[in-house]
Every structure is written in C-alpha cells, then in structure tokens.
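Everything on this sheet refers to the single structure shown next.
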Amino acid sequence: MIAVYQQKGLDFFNLIAQSLEYCLNSTSRRADDFEIPDEAYNSLRKQYNPECIVKEIAKFKGSLEDFRLGVIDVDIYAHGLNFIFGLAHPLRRIALISAYRLSGPQLLERIAKEVVHETGHLFGLSHCADSLCVMYFSNTVADTDNKSKNLCRQCRRKIEA
Ligand SMILES: [Zn+2]
Ligand SMILES: [Zn+2]
C-alpha cells in the first residue's frame, strides 16, 4: 500500500492512484495533507531541501507496512544537481515528487511518470538504460516526455521476481 501525502492545496491523488495501480499493480490511500516546513527553504539556492520535507512526512503516524509518497509543488535540489524531479529513500520507505518543474500541458502525464519512477525505486528498482522505460533517469523534462509510464520488460521481471 502506498500512502500519498500531498502538500496542502494539491489534488493529484486520483491520477496517482490510477497510475500506481495500472503501472505497478499497487494500491494507494490518501493520507494527510501537509505544509512545507519553513526550514526546508534554502535562501542561497532559492530552492527547497527535500530532506527536510521527507522528515516532515516521516512524522506522520502511519502503518509500518506502507510506503509513503509525498507530492509537492516547490523546487527541490540535490547536491551536485541544479534541481531534481523527485527522490526516493527505499530504506526509509519514503519517496517525494515535485510538480514544480513538470508544468505545462503535459503536467498530469509527467506527474504520473515521475510517481511511477520514484515508487519503482521504493520497490528496489534502479535506473534503466532503456530511454523509453519509466525507470530511465530524467535529466530534463524532455526525457520525461520521451519515456513511457511503464516499466520495460526487464524492470518488470525484477519487481515480479
Ligand atoms: Zn531515479
Ligand atoms: Zn527498465
């Protein structure tokens, strides 16, 4: 079960639930909405530190069996990268995706792909060399648009094993 925690004001739950069901055969539940903590803002980078947001989501009391997926709409970064679309901590069972860099007419499609991608990491998948596989690493939104929201046959075999 994937527990979906959304930043207050966002409502992508139905899209996310359908994508996880269709692409990863996983069920989801709508969990709490939350606010981005002030300390997540990095005024030098003018971006948000996703680790502070992960910590905020980890504070909620949920079932230990659940994976947690946070959905936000602020610009996040990682060390050495200008920005990231999302991240996953498989051991902590938490992933995060941001809609911030995904805006445009294909917003919903892009969110679906990045949600499946980060959840794939939670399920133990790593990046895939197949540029059409959803586990392909998106460096730009064009990479996201180019890939499908499905796992390639090899990645599918790995999670079914
Ligand atoms: Zn990835
Ligand atoms: Zn693949």
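The values are calculated or read from the model by the stated rules, or taken from the named source; none is laboratory data. All of these numbers come straight from a predicted model, not from anything done at the bench. Please note: Cβ atoms are built from the backbone with ideal geometry, for glycine as well, and neighbour counts cover all protein chains shown.
Hey, among the residues in segment 125-139 that are more than 9 Å from ligand 2 (Cβ to nearest atom) and at pLDDT 95 or above, which one's surrounded by the fewest Cβ atoms within 10 Å (Cβ to Cβ)?
For segment 125-139, the residue satisfying everything is 126.
Any idea how many residues of segment 140-161 are within 10 Å of ligand 2 (Cβ to nearest atom) and closer than 18 Å to residue 84 by Cα?
Count: 1.
Can you name every residue in segment 6-19 that is more than 22 Å from residue 53 (Cα to Cα) and crowded, with 19+ Cβ neighbours inside 10 Å?
Correct list: 19 only.
In this structure, is residue 24 of a type outside the set (D, E, K, R), in contact with a Pro (Cβ under 7 Å, 6 or more places away or on another chain) and crowded, with 19+ Cβ neighbours inside 10 Å?
no
I'm trying to understand the selection: among the residues of segment 103-135, which are in contact (Cβ under 8 Å) with a residue 12 or more places away in the chain and either more than 15 Å from residue 20 (Cβ to Cβ) or over 16 Å from the mean Cα position of the chain (by Cα) (or both)?
Listed by number, the residues that qualify are 104, 106, 110, 124, 128, 130, 131, 132, 133.
Out of segment 85-125, which residues are outside any helix (DSSP H, G or I), in contact with a Leu (Cβ under 9 Å, 6 or more places away or on another chain) and within 15 Å of ligand 1 (Cβ to nearest atom)?
The answer is 85, 86, 87, 88, 89, 90, 94, 95, 96, 97, 123, 125.
Six or more apart or on different chains, Cβ under 7 Å: which pairs go from a residue in segment 142-161 that's closer than 17 Å to residue 19 by Cβ to one that's of a type in the set (Phe, Trp, Tyr) and within 9 Å of ligand 2 (Cβ to nearest atom)? Could you list them?
Here the result reads 147/136, each pair linking segment 142-161 to a residue that is of a type in the set (Phe, Trp, Tyr) and within 9 Å of ligand 2 (Cβ to nearest atom).
Conditions tested, residue by residue: (1) more than 16 Å from ligand 2 (Cβ to nearest atom); (2) closer than 14 Å to residue 7 by Cβ; (3) among the acidic types (Asp, Glu).
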| site | (1), (2), (3) |
| --- | --- |
| 34 | yes, yes, no |
| 58 | yes, no, no |
| 65 | yes, no, yes |
| 70 | yes, yes, no |
| 73 | yes, yes, yes |
| 77 | yes, no, no |
| 88 | no, no, no |
| 101 | yes, no, no |
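Going by the conditions given, is residue 57 of a type in the set (A, V, I, L, M), touching a strand residue (DSSP E or B) at 6+ places or on another chain (Cβ under 6 Å), within 17 Å of residue 113 (Cβ to Cβ) and outside any strand (DSSP E or B)?
In short, no.
Go through 40, 3, 78, 31 for me and flag whichever is loosely packed, with under 15 Cβ neighbours inside 10 Å and touching a strand residue (DSSP E or B) at 6+ places or on another chain (Cβ under 6 Å).
78
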